[in-house]
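Engineer: If you scroll down you'll find the structure; I have some questions about it.
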Amino acid sequence: MNELSVKHLLGIKYITEADIQLIFKTADHFKEVINRSIKKVPSLRDITISNLFFESSTRTRLSFELAEKRLSADVINFSASASSVNKGETLIDTVNNILSMKVDMVVMRHPNPGAGVFLSKHIKACIINAGDGTHEHPTQALLDCYSIRERLGDVAGKNVVIVGDILHSRVALSNIFALQKLGATVKVCGPKTLLPKYIGNLGVGIETNLRKALQWCDVANMLRVQNERMDISYFPSTREYTQQFGLNKAMLDSLDKEIVVMHPGPINRGVEITSDVADSKQAIILEQVQNGVAIRMAVLYLLASKIERDED
């Protein structure tokens, strides 16, 4: 298979294992490109991409922007906080105004779950979901799985625990879908108040004891506590959360095996993981960042072949 089965990347649940493997194979090529002295290729030279961020983002937006520029695309950056959205303009009006500038692809982050799906039904441009509310964040899951494959050789057969704020995390949901499609066994670990009620229906194990979860896993993906998404208090204090679900070097060293530690960022150092864990050789956090550019280059490149062009 040399092309994706989808025209948009709206979520991991909409793509196949073959799609994921094709993205990884393409990312392998682009990883070589970004490690060269000349890091640019002309692959998307005639493509215009709009980065449409209705929520604040630093790492994801910069990673997409770098990926687009490495592929020689023309890039338009749009920040909702400095736009007509604040004046009441609708999502479709905003996007149609941008499309009138002949944009081929839209990378969108939006606070409402399903915003990308909604948009894909109303406009012709190719849509890439860069995070929709607490729903999905597909490119993060792809880069996480790619990073596991790079470190451990394969994702199939591995035990992966996702620790922390599962309830508010789009990263967790996309990771669960991707890991399962690639043959990994997944558990979630966190306070019961931060585990969604539907989690058992997704075929994942539930563990509320961090030490047991770490003893079981090959990989621990430590999520940030998303205070900005919380309208009530889900645990008594940050200190108590850290005591029960924070990963420190002493705990890591006390395991009878070496596990891989991941974090989607940004890290609250000293809360979900300590600095000596984040900076240890078991952590692949910086590899995740670098792989994010290669994965996003692969997604952009593969979806560009699906663009419907107007006959001028």
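Engineer: Could you check the simple spin-label distance between LYS121 and ARG36, using points 7 Å along Cα→Cβ, in nm with one decimal?
Structural biologist: 4.3
Engineer: Follow-up question, since we're still on this one. So what is the 222 nm mean residue ellipticity for the chain from helices alone, if each DSSP H run of at least 4 adds -39500 (n - 2.57) and you divide by all residues, rounding to the nearest 500 deg cm²/dmol?
Structural biologist: Theoretical 222 nm ellipticity from helices: -11000 deg cm²/dmol.
Engineer: To continue, here is another question. Would you grab the residues whose amide H sits under 5 Å from the one on ASN112? Only those 5+ places off in sequence or on another chain, please, with H modelled 1.01 Å from N.
Structural biologist: GLY133
Engineer: On to the next question. If R0 is 51 Å, what FRET efficiency do you get for MET101 and ASN201 from their C-beta distance, rounded to 0.05?
Structural biologist: It comes to 0.75.
Engineer: If you don't mind, there's one more thing I want to ask. Let me know the Rg and Dmax you get for the stretch 1-83 when you use only its Cα atoms, in Å.
Structural biologist: Taking only Cα atoms of the stretch 1-83, I get Rg and Dmax of 14.5, 42 Å.
Engineer: Still on this structure, I have one more. Taking K and R as +1 and D and E as -1, what net charge do the other residues with C-beta under 12 Å from the C-beta of ALA172 add up to?
Structural biologist: 0
Engineer: Along the charge dipole of the stretch 113-266, Cβ charges K/R +1 and D/E -1, which of SER174, TYR198, MET262 sits furthest on the positive end?
Structural biologist: TYR198
Engineer: Now for a separate question. Please compute the net charge surrounding ASP218, taking Lys and Arg as +1 and Asp and Glu as -1 over other residues with Cβ under 9 Å from its Cβ.
Structural biologist: +2
Engineer: In percent, how large is the relative contact order of the chain, given Cα pairs closer than 8 Å and 6 or more residues apart?
Structural biologist: 20
Engineer: Now for a separate question. Just to verify a number: FRET efficiency for ASN209 and SER57, C-beta to C-beta distance, R0 = 30 Å, to 0.05?
Structural biologist: Plugging the Cβ-Cβ distance into 1/(1 + (r/R0)^6) gives 0.35.
Engineer: In debye to the nearest 20, how big a dipole does the chain give about its Cα centre with +1 on each Lys and Arg Cβ and -1 on each Asp and Glu Cβ?
Structural biologist: Taking the Cα centre of the chain as origin, the dipole is about 280 debye.
Engineer: Net charge within 14 Å of GLY200 by Cβ-Cβ distance, Lys/Arg positive one each and Asp/Glu negative one each, not counting GLY200 itself?
Structural biologist: +2
Engineer: Expected output is a single nm value to one decimal: the length gained when fully extending between THR238 and LYS25, i.e. 0.36 nm times separation in residues minus the C-alpha distance. What is it?
Structural biologist: That pair, THR238 and LYS25, stretches by 72.6 nm at full extension.
Engineer: Build a GNM of the chain with springs between Cα atoms under 10 Å: which of ASN291, ASN97, ASN221 gets the top mean-square fluctuation?
Structural biologist: ASN97
Engineer: What's the ranking of 28-38, 117-127, 170-180 by average number of surrounding C-beta atoms within 10 Å, highest first?
Structural biologist: 170-180, 117-127, 28-38
Engineer: Using the alpha-carbon atoms, what tilt in degrees (0 to 90, nearest 10) does helix 170-181 show relative to the longest principal axis of the chain?
Structural biologist: Result, in degrees: 90.
Engineer: Per residue of the stretch 277-287, in order, report the coupling 6.51 cos²θ - 1.76 cosθ + 1.60 (Karplus, θ = phi - 60°) as ³J(HN,Hα) in whole Hz, putting x for Gly and Pro.
Structural biologist: 3J(HN,Hα) across the stretch 277-287, in whole Hz: 7, 4, 9, 7, 6, 7, 7, 10, 5, 6, 5.
Engineer: Amide H neighbours of GLY205 under 5 Å, counting only residues 5+ apart in sequence or on other chains, H built in-plane at 1.01 Å?
Structural biologist: Residues meeting the amide H criterion: VAL186, LYS187, VAL188.
Engineer: Follow-up. At a Cα cut-off below 28 Å, give the lysines reachable from LYS31, other chains included and same-chain residues fewer than 8 away excluded.
Structural biologist: Cross-link targets: LYS7, LYS13, LYS39, LYS40, LYS69, LYS158, LYS181, LYS281, LYS306.
Read the figures in this text as sums done on the coordinates, not as results from a lab. Everything numeric in this text was worked out from a predicted model, so none of it was measured. Please note: Cβ atoms are built from the backbone with ideal geometry, for glycine as well, and neighbour counts cover all protein chains shown.
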